[in-house]
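Read-outs throughout are calculated quantities, based only on the coordinates presented, and are distinct from any laboratory measurement. Quick caveat, the model's predicted, so the values are computed rather than measured. All Cβ positions, glycine included, derive from the backbone under ideal geometry; neighbour counts span all protein chains shown.
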Amino acid sequence: MLHIKNLHAGYNGLEILKGINLKVGKKEIVALVGPNGAGKSTVIKSIFNLAKITGGYIFFNNKNILGLKTHELLKEGVCYLNQGRTIFGNLTVRENLELGARLIKNKEEVKKRISAIYKKFQILKKRENDFAYTLSGGQQQVLGLGRALITKPKILLLDEPSLGLSPKLQKELFLMIKKIKKDGISILIVEQNAKKAIELADRTYLLEDGKIALEGSGGFILKHKKIKEVYLGGRY
Amino acid sequence: MSLLLQVAINGLIAGSIYALVSSGFSLIYNTNKFMHFAHGASVAVSGYFLYGFFAIIKLNFFYSLSLTLIFSALLGLLIYRIIYLPLQNRKASNVILLIASISILILLQNLILLLFGANVKDIEFVEVKKGLEFFGAVITLTQIVILLTAVLFFIFLYFFMNKTILGKNMRAVSENKELASIVGINSRKISDFSFLIGSFLGGAAGILIAVEQNITPTMGTILMIKGFTGAVIGGISSVPAAVLGSYLLGLAENFGIVFLPSGYKDAISFVLLFLFLLFRPEGIIGGKRRTK
């Protein structure tokens with residue numbers, strides 16, 4: 001499904017990614033973990049044309065999507081939930097969802113999809129006409145997910161979705177991500193919370209200094225000495 | 001009582017003009033995140049457009065009006081496309097854009113001076129008549145038109161920003177350009193529209209001044225300062241707040257000169273500008289609708 005080959009990318013002349021190779025299969029959750037500054041977010045930003053790519057390829061369903069504009073990526077079924085603020089606070093909950101569905105021309109279809117999102121995340125229906133900035137942190141993240149899912153993506157790119165959430169909300173969020181996978185959507189997740197991400201994912205890549213240092217399934221990664229010592233505090 | 005009512009009416013009329021200037025300025029600022037001070041020159045140029053079409057070419061007033069609004073909007077777009085956009089493409093900082101905007105303001109004022117001279121111009125569309133009496137206060141028909149036109153424009157702007165897809169996209173870009181681009185909004189197109197609509201509103205202000213008062217080449221500078229002050233008072237990050245702030249400024253100026261000599265009118269707005277910049281730079285209501 002998503003295949004990144006020998007990707008070199010960065011910002012303002014500084015190379016962050018130094019030849020990344022990564023694959024995400026159909027209905028698969030792939031986690032990307034690593035220390036701060038390793039280039040995790042840059043991988044996702046490169047797919048979404050928000051970083052300067054200096055070499056390599058990005059294929060999605062065997063089509064080169066390198067350099068595609070955002071609306072073209074959305075039409076291909078690639079959707080990105082960015083790090084930090086994922087919603088427009090000064091727009092209502094419904095307006096946020098409508099913006100997510102802005103590429104769908106059929107108004108009835110938009111209404112149907114919004115109803116489907118309300119069915120999935122009932123809190124959004126209750127707060128439909130409230131400004132999004134009045135939602136709690138967890139509700140804002142749910143709205144961000146709803147906005148992303150309304151496009152019916154084939155792959156969802158999640159950049160630090162648990163950032164700023166309480167442990168209880170993080171747990172709920174990871175359960176939601178599992179449910180999204182069950183709906184047939186592939187997920188590439190970048191996470192600081194390495195343990196949670198590895199447990200959630202089917203496969204994990206460890207990124208260090210812009211290069212893939214380790215790759216494997218959850219069990220393999222969690223048992224790996226390097227991961228245990230450096231990322232899980234040697235206590236797992 | 002009649003004095004207070006008269007002062008309030010005068011304040012609302014001045015506020016209407018300032019609000020039209022500040023709403024356009026605030027719309028452009030929020031979408032593009034830089035100060036387009038040349039907006040003041042757009043206001044002055046639109047007054048001269050009207051003067052040119054109506055008093056020189058002798059077109060019908062309503063054709064002149066329509067052409068003025070269209071040309072004002074296009075002038076704003078042109079300024080964005082040929083000056084700001086190339087600078088932005090070269091990663092120019094906001095300071096560079098600010099300097100560019102002041103340069104355009106001076107350039108356009110001097111162009112007006114070159115083409116029309118320094119003398120005050122009057123389009124002589126409205127005959128001077130005694131105004132209507134209203135509880136002892138006097139208001140002219142032109143002033144009523146100014147009040148109603150401004151209110152109509154703001155109602156239109158409110159519905160445009162809240163009920164149309166383009167308006168919602170503009171609000172999204174204003175809040176978070178990167179997130180807007182992630183959901184597929186073309187922020188460059190939105191910038192085009194912000195300059196078109198913002199300059200259209202500035203053009204409306206220029207027309208109302210040309211109809212009610214006289215026009216001068218340098219009128220844009222003082223109007224820009226008033227519009228900017230109004231936006232700062234209300235809250236520059238929100239168009240409705242900028243409108244409210246402009247009405248408050250108009251009222252403050254006019255109530256101020258009840259107690260002070262009328263020559264202090266501009267000084268009142270400068271003092272308010274400094275006070276707000278020092279003690280409440282986010283404005284009266286500008287800070288209340290922030291995202292978490």
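Quick look at the numbers
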quantity	calculated
Derived scalar couplings ³J(HN,Hα) [the stretch B:264-277; Karplus, 6.51 cos²θ - 1.76 cosθ + 1.60; whole Hz; x for Gly, Pro]	8, 4, 5, 4, 4, 5, 5, 4, 4, 4, 4, 4, 5, 4
Under-5 Å amide H pairs with A:GLY56, H placed in peptide plane, nonlocal only	A:HIS8
Mean shadow area of the stretch B:221-292, taken as a quarter of the surface of its Cα convex hull (nm²)	4.8 nm²
Whole-Hz couplings from phi, Karplus 6.51/-1.76/1.60, listed for the stretch B:151-160; x for Gly and Pro	4, 4, 4, 6, 5, 4, 5, 4, 5, 4
Exercise: per-residue mean of other protein chain Cβ atoms within 10 Å, A:96-105	3
Cut-off 9 Å between beta-carbons: net charge of the residues surrounding A:LEU22, Lys and Arg +1, Asp and Glu -1	+1
Chain A: relative contact order as a whole-number percent, Cα under 8 Å and 6+ apart	28 percent
Cα-based equivalent ellipsoid of the stretch A:1-119: semi-axis lengths in Å, sorted from largest, via gyration tensor	29, 17, 14
The stretch B:2-279: radius of gyration over Cα atoms, expressed as a fraction of 2.2 N^0.38 Å	0.99
Pairwise centroid distance, computed over Cα atoms, of the stretch A:160-225 with the stretch B:6-77, Å	55 Å
Chain A: calculated mean residue ellipticity at 222 nm from DSSP helix runs of at least 4, using -39500 (n - 2.57)	-10000 deg cm²/dmol
Shielding by partners - mean other protein chain Cβ count within 10 Å, residues of B:176-189	6
Amide H within-cut-off set for A:ILE16, under 5 Å, with H built and near neighbours excluded	A:ALA9, A:GLY10, A:TYR11
Set of aspartates and glutamates near B:LYS168 by C-alpha distance (under 20 Å), chain-local residues within fewer than 8 positions excluded	A:GLU95, A:GLU98, A:GLU108, A:GLU109, A:GLU128, A:ASP130, B:GLU178, B:ASP192
Fewest-first ranking of B:ILE106, B:ILE28, B:ILE82, using other Cβ atoms within 10 Å as the exposure measure	B:ILE82, B:ILE106, B:ILE28
Convex hull of Cα atoms in the stretch B:117-159, direction-averaged projection (nm²)	5.2 nm²
Relative contact order (%) - criterion: Cα under 8 Å, at least six apart; region: the stretch A:28-123	15 percent
Per-residue HN-Hα couplings for the stretch A:121-137 [Karplus 6.51, -1.76, 1.60; θ = phi - 60°; Hz; x = Gly/Pro]	10, 5, 4, 5, 5, 4, 9, 2, 9, 7, 5, 5, 5, 7, 6, 6, x
Ratio of the Cα radius of gyration of the stretch B:71-202 to 2.2 N^0.38 Å, where N counts its residues	1.41
Listed pairs A:LYS23/A:LYS154; A:LYS45/A:LYS196; A:LYS119/A:LYS154; A:LYS112/A:LYS178; A:LYS126/A:LYS196 exceeding 18 Å between Cα atoms	A:LYS45/A:LYS196; A:LYS119/A:LYS154; A:LYS112/A:LYS178; A:LYS126/A:LYS196
Pair-distance profile P(r), taking every C-alpha pair of the protein assembly as shown, with 20 angstrom steps and integer %	20, 43, 27, 9, 1
Chain B, relative contact order [Cα under 8 Å, separation at least 6], %	37 percent
Long-range amide H partners of A:ILE29 with built H, under 5 Å	A:ILE187, A:ASP202, A:ARG203
C-alpha long axis of helix A:107-120 to longest principal axis of chain A, angle in °	70 degrees
C-alpha center-to-center spacing [the stretch B:223-240, the stretch B:158-211] in angstrom	16 Å
Helix-derived mean residue ellipticity, 222 nm - over chain B, DSSP H n ≥ 4, -39500 (n - 2.57), to 500	-24000 deg cm²/dmol
Cα gyration tensor, the stretch A:59-209 - rounded (a/c under 1.5), prolate or oblate	oblate
For B:LEU148, A:LEU149, B:LEU5, order by how many other beta-carbon atoms lie within 10 Å, fewest first	B:LEU148, B:LEU5, A:LEU149
Separation of the A:TYR57 and A:LYS27 label points, Cα + 7 Å toward Cβ, nm	2.7 nm
Size-normalised alpha-carbon gyration radius of the stretch A:128-236, reference 2.2 N^0.38 Å	1.17
